[in-house]
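The values are calculated or read from the model by the stated rules, or taken from the named source; none is laboratory data. Keep in mind the model is a prediction, meaning the values are calculated, not measured. Counting neighbours? That spans all protein chains shown, and the Cβs are built from the backbone with ideal geometry, glycine included. SASA here: full protein model, heavy atoms, side chains in, ligands and nucleic acids out. Shrake-Rupley method; radii C 1.70, N 1.55, O 1.52, S 1.80 Å.
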Amino acid sequence: MLKGKVALVTGSSRGIGRAIALRLAREGADVIVNYFRRREAAEQTARDIEELGVKASVIRANVGDPEKLDEMFDTVAASFGRLDIFVSNAASGLPRSALDLDAKVWGWTMDINARAFLLGAQRAAGLMEGRGGKIVAITSLGSKLVWPGYTAIGVSKATLEALVRYLAVELAPKDICVNAVGASFVPTEVGLSYAGGAGEEDEGAFWKTTPAGRMVSPEDVAGVVAFLCGSESFMIRGQTIIVDGGFSLTPLNLKGKGGEN
Amino acid sequence: MSAAEETIKDIIVKIVHCDRKILTPESTFQDMKADSLDMVQVLVALEDEFGIEIPDEEAQKFKNFGDFVSFVEARVAEKK
Ligand SMILES: NC(=O)c1ccc[n+]([C@@H]2O[C@H](COP(=O)([O-])OP(=O)(O)OC[C@H]3O[C@@H](n4cnc5c(N)ncnc54)[C@H](OP(=O)(O)O)[C@@H]3O)[C@@H](O)[C@H]2O)c1
C-alpha cells in the first residue's frame, strides 16, 4: 500500500515509534529511524525493517534541538531527495506537578513534544512539496485528562493537537493531510513508569475496566497511523483519533444497570 | 591538566551554570547541583564535541567529575 514511499518516524528506536516504523515498512515504505540516546535499539529497528525487504536508515538527533532537527531533515533530503510520510512520535518529560515545574523542565518538554512537531512539519512540507504527503503526530489522552506528574507533557500534547488542526488547514493546498493519533496507556518503558501497578497480574489494574478488555498495544497505535498514511483516509483532516479501547468513554465505571423510573 | 579536561569544564559550566572553581576530580553532581536534564545535555554535548559515544549505562556509573574526564579521555584515545 505504501510501496515506494519514504517515511520518517521520530523516536523509532523503541516503543510505539518502533511499532509504527515496522508497520509502515510492512506496508512497503522505506523508513528513516530517528533516535536520541539508544543507538543499538535504533540499529536493531533498522535491521528488522530491512528484513521486511525495504530500505532503512538511522539518524541520531535530539528533535528538541532545532539545529539537530534541521540537520536530520538535511540528511533526509540528501539521501532520499523527498519525503512522503512524517510521523512525529518522539516525546520526553520529567514527572512534575504544576507547582514543581520550573522553566527548564517546561522548556525541555515543550521543545521536544510540541516545537519539534512544528519545525519538523515545516521541513517535511518542503520535502513533500508537489507530491502530497501525510503528517501524523502521536499524542495522548493526557492532553485532556489529568494524571499525576503529567502536567507538562499533557499541556505539550494539547499544544500538539491544536497545531495539528492549524497545519491540516494550512497544508491542505499542498495536498498534505495532517492528523494525530492519541493513545491511552500503552505498556512501553515510559507508559509503565506513569501507570504504576498496571501489570497483567494486578487485580485492580485500571485498564482491566477498559470496554475492549485489554491494554492498548504499540501495534494498535501503529495500525491507525498506517491507515492515516494511506489513501483511504484522505478526507480526514486535523483530527485526533483516540486509540484507547473505549477507556475514556466510561470514566465512572458504573456497575449498576439502572432502575425503571 | 589536559586539554580535554578544560573543554569538559567549559561544557559543564555552560550547561549546568555552576562555578568553574568547584570542578575538581572529586566534585560530584550534587556539588554541581546538576539534575538529570543537565546530565543528558552534558552527555550529548560531550559526544558532539569529542565525536564519541557515552551510553547511558556507562554514564550512570560516573560518580564525579574525574570519572567523566577519564571516560572521555579513554574513548578519545581509542579513536586515535
Ligand atoms: N506509552 C504510553 O502509555 C503512551 C500513551 C499515550 C501517548 N504516548 C506517546 O507515544 C509516543 C511514544 O511513546 P513511547 O511510550 O513509545 O515512549 P518510549 O518507549 O519512552 O520511547 C521514546 C522514543 O522517543 C525517542 N526520544 C526521546 N527523546 C527524544 C529526543 N529528544 N529526540 C529524538 N528522539 C527522542 C527515544 O529514543 P531513544 O531510544 O534513543 O532514547 C525513543 O525512541 C510519545 O509521543 C508518547 O507521548 C505514549
Task: Helix-only mean residue ellipticity at 222 nm for chain B, each DSSP H run of n ≥ 4 adding -39500 (n - 2.57), per residue, nearest 500 - done: -19500 deg cm²/dmol
- [ ] Report, largest value first, the span of the C-alpha coordinates of the stretch A:163-261 along each principal axis, in whole Å.
- [x] 50, 45, 22
Open item on the list: Shape verdict for the stretch A:86-219, please, from the Cα gyration tensor: rounded (a/c under 1.5), prolate (a/b greater than b/c) or oblate.
Closed with: oblate
Task: Counted charge near A:P95, where neighbours are those whose Cβ lies closer than 14 Å (Asp, Glu -1; Lys, Arg +1) - done: -3
Open item on the list: Probe of 1.4 angstrom, ligands and nucleic acids ignored: what's the accessible area per residue over the stretch A:6-243, in square angstrom?
Closed with: 43 Å²
Task: Span-like helix ranges in chain A, DSSP H, alpha carbon extent 20 angstrom or more, Kyte mean at least 0.5 - done: A:151-171
Open item on the list: Can you return the lysines within cross-link range of A:K55? Criterion is Cα-Cα under 20 Å, with same-chain partners fewer than 8 residues away left out.
Closed with: A:K3, A:K5, A:K134
- [ ] Compute the relative contact order of the stretch A:6-243 as a whole-number percentage, counting only Cα pairs closer than 8 Å that sit 6 or more residues apart in sequence.
- [x] 19 percent
Task: DSSP-loop GluC sites (Glu not before Pro) across the stretch A:1-110, with at most 13 other Cβ within 10 angstrom - done: A:E51
Task: Rg and Dmax [Cα atoms of chain B; Å; Rg one decimal, Dmax integer] - done: 11.4, 34
TODO: Hand me the GluC sites (Glu not before Pro) from the stretch A:178-261 located in a DSSP loop with no more than 12 other Cβ atoms within 10 Å, in residue order please.
DONE: A:E200, A:E201, A:E203, A:E260
Task: Kirkwood Rh (inverse of mean 1/r, distinct Cα pairs), the stretch A:37-137, angstrom - done: 15.1 Å
TODO: Only Cα pairs under 8 Å and at least 6 apart count here; give the relative contact order of chain B as a rounded whole percent.
DONE: 35 percent
Task: Those aspartates and glutamates that a straight Cα-Cα span of less than 16 Å connects to A:K174, excepting residues fewer than 8 apart in one chain - done: A:D84, A:E129
Task: Cut-off under 5 Å, modelled amide H: who pairs with A:G182 long-range - done: A:T139, A:I241, A:I242, A:V243
TODO: With the convex hull built on the Cα atoms of the stretch A:6-243, state its orientation-averaged projected area in nm².
DONE: 12.8 nm²
